[in-house]
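Worksheet: the structure to be examined is printed underneath.
The values are calculated or read from the model by the stated rules, or taken from the named source; none is laboratory data. Everything numeric in this text was worked out from a predicted model, so none of it was measured. Note: ideal-geometry Cβ built from the backbone for every residue, glycine included; neighbour counts use all protein chains shown.
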Amino acid sequence: MDQDATRSNRPYVEFAGVCKSYDGRSMVVTDLDLEVRKGEFLTLLGPSGSGKTTCLMMLAGFETPTKGVIRIGGRSVQALPPRKRGIGMVFQNYALFPHMTVGRNLAFPLEVRGIGKTEQRERVRRALRLVRLQGLEDRNPGQLSGGQQQRVAIARALVFEPGLVLMDEPLGALDRQLREEMQYEIRRIHQSLGVTIVYVTHDQEEAMVLSDRVAVLRGGQVEQVAEPEALYEEPQRSFVARFIGENNRLHGRVASVKDDICKVETGDEVIRALRVADLREGDETTLSIRPERVAVQPEPGLYSNELDASIEDMTFLGDHLRIRLGVCGGTDFIAKIPNVVGHGAVLEGDRIRIGWTPTDCRALNVDDEKDA
Amino acid sequence: MSSRKKAGGRPLLSPRLRALALVLPLLLFILATFVAPLAEMFRRSVHDPLVADALPETVAALRGWDQLSPPGDAAYEALARELQEVRAENRARVGQVGRRLNRVESGMATLVATTARELAAAPGASAREKLIGIDAEWGTVDKWFAIQSAGQRFTTRYYLNALDLDRRPGQGVVRQEENRRIYLLLLSRTLWVSLGITALCLLLGYPVAHLISHARPERQNLLLALVLVPFWTSLLVRTTSWIVLLQNEGLVNDMLVGFGLIADDGRLALVYNMIGTFVAMTHVLLPFMVLPLYSVMRSIPAVHMKAAASLGASPFRAFWRVYWPQTLSGVGAGGLLVFILAIGFYITPALVGGASGELISNKIAQHMQTSPLNRELASALGVLLLAGVGALYVVYDRLVGVDKMKLG
Amino acid sequence: MRNPQQTLTRRTAGTRWALRSLAIAFVALLAASGCAREEEVPSLTIVSFGGSYGRASTKAWFEPFEAATGIRVDVVDYNGGLAQIRAQVEAGHVFWDVVDMDLADAVAGCDEGLLERTDKAALAPADDGTPAVEDYPEESVTECSVGNLRYATVVAFNTEKFPGEKPSTLNDYFDLEKFPGRRGMRRFAQENLEFALMADGVPPSEVYATLDTPEGVDRAFRKLDTIKEDVVWWETGAQPPQMLADGEVLMSTAWNGRIFNAQVLENQPFEIIWDGNVAGVGQHGIVAGTPHLEAAMDYVVFASSPENQAAISRYISYGPLRFSAYEYVSTHEETGIDIRPHLPPPPSDSSNSLFTDWKWWSDNADEMNERFSSWLAR
């Protein structure tokens, strides 16, 4: 990312040991530690019920942490009501005020700050230009399309120049095409303004596209915070591996450990894998292999892991072939091979060899499956 | 075969006619129960042919009369002749004429009845002598003026009466004698009381509606039921319950005395006055305010208030600039509903209003129901009330816009 | 796709069915109304006020009349007023025969041709042979109706509220210094003007002559002014006993029958001040154009005989009108108490009792009601 230069290492937003419980018994958020750097685009990613929206609401001030501290710019915001936190917020259903024109909606945060009419007009005009809706000041929100309304909502959250903008699944109500368009739009705005954005979504692809870093949440706890690429390539937890992108999983027992590499017995096979979790000999483990890292009919000896497999079925998906394989007694092992010349060498029902390098195969802690 | 096919392929009536046929029963119902009575009310308030039909020549003879001195002999002769004719034809008619004239001039009922009865045997050479011989009142201007005035087939006098105005011989339209002026006072009081009750209902109903519309669904039902409970109770029962609560020896006063807030001999007058009218009517009408407000508020997303707060608005400003404007349609609908209902109330003010809580509808009911009936005046008052409501509706439309109204 | 032919047939059949049932209903209705007209047992519809008075009327008049004549009496309740009678007469379809009404409505109804004229010569003479018309007090029989009872508007009080001296005259009702406290009064011009003048020293016989002058009316309102601040106004007959029992008012004007009921049936410690009572009379009138004119007249004659007229006093504390009927008054049927002290004083005793002058009121009600409302509102 080319924004590195503007970032400082001091955290701008900080969650320290934050817990939240609504009923005093079950925890929605547990011991959350999270830091957001200035100018960063951080996404809270997780399935529904993972506590990501609660985190956002605590940050915005609409919920109070049961325990722990939230700091913005180094100062605790515990005592600050939402209106005094100076945070711009974009809601899932836009929350535009239907009885005001677009212009009045945008002027609202300026008006409550006592900014003069002339400047209000100027800043509203600038904000609309930023979201490419020049000249729509006098429309009513009801007359706009969903995408336009979302742009207005974003412009309204930015018009008073907050240091921090929160977005709560802002694209959830849009159709797929519009969503993709808006993703790039949001990224463009972030890059041109350098504002800090905390973004909530359950859509991992969206998180990948937009974020500098992604925090994967699960059951009120952070599973992993990392840049999108690292998250994909180097998941630290089985849940993350499963949640981000597609992953093959094999269960086994650690037979031996040597440095970063461990040998794992699964069925009749022994697989060499990268030891990510703190595993010892005899531990149960889950192996995670990306489908696109599985080689079909590799040249013998190229990979230190080689297994026999049977092709259950093959699906042609344009740029790649998706092959479902029977491996180690299971039948849901997936391999993707690019659509290049010569892919037609295998056929359904064939018995083939597959292989991968130990570093593409990550040995993780066994995870309970309920959130899968 | 081909013709049958054609008949089968095309509907019997055109869609438009069929739609008309479907709404026809409703149309007829509205016509019969709403439009027709309104038209009849209006007609009755301006059309009063009874005297003109009974005494046509007398009325004709009084045309062009100067109203300063008793009329010429022609009028006396016409009246003497026509009174006898009317009596001979239908004795009940004499009473009707007398009562109608009595509205203009007290004493005419008896005067006309006596005169009609005694005319045949009255001594005197001319009609004038006979009539004045029966009662000297026939020599005064006022009695003749009553005939002239009531003899107008189409008349504005009921509207004049309804506005505390009167016609006097030789003076034209003047204000009613001071100690008989009542309708303007009651009309304006009705207006103010209704506005006051509407405001009170809004003040009380708004937070209630807000509470209900943002409560959890299961509690919402309970709260709504509580609001609707009064609807299941008869109006009379609710009104008399307020008497039990508010009267001098009632629950409220007993409690205040019990807590030592007021002295036993300083009990508050809470009923049989304006306070009673306000309390009871507000209670009865409150649901009509709460329900439209509730339905509007329910449609306002809670996230709007969060959005306003995140944009920097204080709770008051968020309410005033974001929430309140969005409830205006409900406020308008509820307000109009309560106001119009309040304007027509008469049982409640009659029971708890005492002397100072009487409203125009009580007067209308009295003229419609109790002797001496004056349905024409009641109609005129009704038309004025309707016109007042109509004018208000227009003002409301200008200010808020009727299309924005939301009843539920 | 549905066959349009079929749809059409079905629709036509449906229409035909609807029309046919409508026709049947219509014919049935006609037949029913036809049957009602051709009844065999003669019957009479008598309209009265219902409640305790309606029950008393049934015992005193309707049941004995049925027993005596074999004519069935159908009783209908109403709340007074001429609206329904007018509607029937104007529509030419009269199904009420005899109506129990107050004198104001009887006079107005007669004037407007809503009531049949009654032949006073047909009424039974007194036992001593005095013709019926002379057996009635003046103004209690009209051209179209025959008086049936006498009630009174009186002042009543709750004895428990007066441990010391008790009020005993109409003057005491208006005397706020002697008996400070609130008064109940009917929100109506009639009777109150009379009370005011009598309390101001006008003898009952001169009350209406005084009211006939503008000064007299002013004088009445001035007297009412003296207690206006302390008046609780009532509207329905049930209110005064309730307000007295609740202690809402110290004294109240009231209809004597209501106070009597509270005294004997609810054991309320009420007392009536008969001084200055304003008596009114009830009337039997016959609706103009009734198909049962003869039977209706039979009933009026029956109910007005001295003995039958007195029968009402056995069931409710209303007195007969005819002078000669008082001989027949004795006890209250239900409780066995002597009813006489509870009845409005007989018309022969007019020393401190006033008889409402309906002629005066028919000439002046329009104006007085306006003045009264205007006075009240100020």
Checklist entry - For segment B:313-321, does any single residue satisfy the condition of being aromatic (F, W, Y), in the same structural domain as B:S188 (by TED's automatic domain parsing) and touching a Ser or Thr at 6+ places or on another chain (Cβ under 6 Å)? => result no
Checklist entry - So which helices (runs of 4 or more DSSP H) are wholly in segment B:293-408 and hold at least 2 residues that are within 9 Å of another protein chain (Cβ to nearest Cβ), surrounded by 16 or more Cβ atoms within 10 Å (Cβ to Cβ) and under 13 Å from the mean Cα position of the chain (by Cα)? => result B:360-369
Checklist outcome for this item: Restricting attention to segment B:313-336, the residues that are within 19 Å of A:T101 (Cβ to Cβ) and of a type in the set (A, V, I, L, M) number exactly 4
Item to check | Unmet requirement for A:I186, which otherwise passes all of (1) closer than 26 Å to A:R242 by Cα; (2) assigned to a helix (DSSP H, G or I); (3) at pLDDT 90 or above | outcome: (1)
Checklist entry - How about segment A:311-337: which of its residues are among the hydrophobic types (A, V, I, L, M, F, W, C) and in a strand (DSSP E or B)? => result A:I311, A:M314, A:F316, A:L321, A:I323, A:L325, A:V327, A:F333, A:I334, A:A335, A:I337
Checklist entry - For B:S106, all conditions in the list (1) within 10 Å of chain C (Cβ to nearest Cβ); (2) in a helix (DSSP H, G or I); (3) under 28 Å from the mean Cα position of the chain (by Cα) hold save one; what is the number of the exception? => result (2)
Checklist entry - Has segment B:150-160 got any residue that is surrounded by 20 or more Cβ atoms within 10 Å (Cβ to Cβ), closer than 24 Å to B:A350 by Cα and of a type in the set (D, E, K, R)? => result no
Checklist entry - Picking from A:G103, A:G39, which residue would you name as being closer than 22 Å to B:K306 by Cα and away from chain B (no Cβ under 14 Å)? => result A:G103
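For segment C:338-362, which residues satisfy the criterion of being of a type in the set (V, I, T) and at pLDDT 90 or above?
First, the residues of segment C:338-362 that are of a type in the set (V, I, T): C:339, C:356.
Of everything in segment C:338-362, just one residue is of a type in the set (V, I, T) and at pLDDT 90 or above, namely C:I339.
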Checklist entry - Just a yes or no: is a residue in segment A:54-77 among the hydroxyl-bearing types (S, T, Y), under 25 Å from the mean Cα position of the chain (by Cα) and either under 25 Å from B:P301 (Cα atoms) or within 13 Å of chain B (Cβ to nearest Cβ) (or both)? => result yes
Checklist entry - Given the conditions (1) touching a Pro at 6+ places or on another chain (Cβ under 7 Å); (2) farther than 30 Å from B:V252 by Cβ, which single one is not true for B:G334? => result (2)
Item to check | helices (runs of 4 or more DSSP H) lying entirely in segment A:198-302 (those with 1 or more residues that are β-branched (V, I, T)) | outcome: A:204-210, A:238-243
Next on the checklist: When you scan segment B:224-237, do you find a residue that is buried (at least 17 other Cβ atoms within 10 Å of the Cβ) and either outside any helix (DSSP H, G or I) or among the aromatic types (F, W, Y) (or both), even just one?
Outcome noted: no
Next on the checklist: Just checking, does segment C:255-271 include any residue being within 30 Å of C:E116 (Cβ to Cβ) and assigned to a helix (DSSP H, G or I)?
Outcome noted: yes
Next on the checklist: So if I check each of A:E265, A:E229, A:E306, which one is free of Cβ contacts under 8 Å to residues at least 60 places away in the same chain and buried (at least 16 other Cβ atoms within 10 Å of the Cβ)?
Outcome noted: A:E306
Checklist entry - Does segment B:134-143 include one or more residues that are within 14 Å of chain C (Cβ to nearest Cβ), outside any helix (DSSP H, G or I) and under 18 Å from B:A75 (Cα atoms)? => result yes
Checklist entry - Exactly one of (1) among the charged types (D, E, K, R); (2) part of a loop (DSSP other than H, G, I, E, B); (3) more than 13 Å from chain B (Cβ to nearest Cβ) is unmet by A:E122. Its number? => result (2)
Next on the checklist: Condition first: outside any strand (DSSP E or B), closer than 14 Å to C:V99 by Cβ and among the small types (G, A, S). Now tell me which residues in segment C:43-52 satisfy that.
Outcome noted: C:G50
Next on the checklist: Just to be sure I understand, how many residues within segment A:23-45 are closer than 18 Å to A:Q78 by Cβ and out of contact with any Ser or Thr (no Cβ under 7 Å at 6 or more places or on another chain)?
Outcome noted: 5
Checklist entry - Has segment C:318-330 got any residue that is over 22 Å from the mean Cα position of the chain (by Cα), within 14 Å of another protein chain (Cβ to nearest Cβ) and assigned to a loop (DSSP other than H, G, I, E, B)? => result no
Checklist entry - Which residue out of C:A303, C:A311, C:A254 is surrounded by fewer than 24 Cβ atoms within 10 Å (Cβ to Cβ) and either modelled with pLDDT of 95 or more or under 19 Å from the mean Cα position of the chain (by Cα) (or both)? => result C:A311
Next on the checklist: Here's a check for you: in segment A:79-95, which residue that is hydrophobic (A, V, I, L, M, F, W, C) and out of contact with any helix residue (DSSP H, G or I) (no Cβ under 6 Å at 6 or more places or on another chain) is farthest from the other protein chains (Cβ to nearest Cβ)?
Outcome noted: A:A79
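Okay, residues lined up against (1) out of contact with any Cys (no Cβ under 8 Å at 6 or more places or on another chain); (2) at negative phi; (3) assigned by TED's automatic domain parsing to the domain that holds A:V13; (4) not charged (D, E, K, R):
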residue	(1), (2), (3), (4)
A:E35	yes, yes, yes, no
A:C55	yes, yes, yes, yes
A:L59	yes, yes, yes, yes
A:V69	yes, yes, yes, yes
A:K84	yes, yes, yes, no
A:A95	yes, no, yes, yes
A:R104	yes, yes, yes, no
A:T118	yes, yes, yes, yes
A:R132	yes, no, yes, no
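From the list B:S314, B:S329, exactly one residue is modelled with pLDDT of 90 or more and hydroxyl-bearing (S, T, Y). Which is it?
B:S314
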Checklist entry - If the Cβ limit is 8 Å and pairs must be 6+ apart or interchain, which residue in segment B:227-239 that is more than 17 Å from C:Q239 (Cβ to Cβ) and touching a residue at least 12 places away in the same chain (Cβ under 8 Å) pairs with which residue that is aliphatic (A, V, I, L, M) and in a helix (DSSP H, G or I)? => result B:V227/B:V208; B:V227/B:I212; B:V227/B:L286; B:V227/B:V290; B:V227/B:L291; B:P230/B:V284; B:P230/B:L286
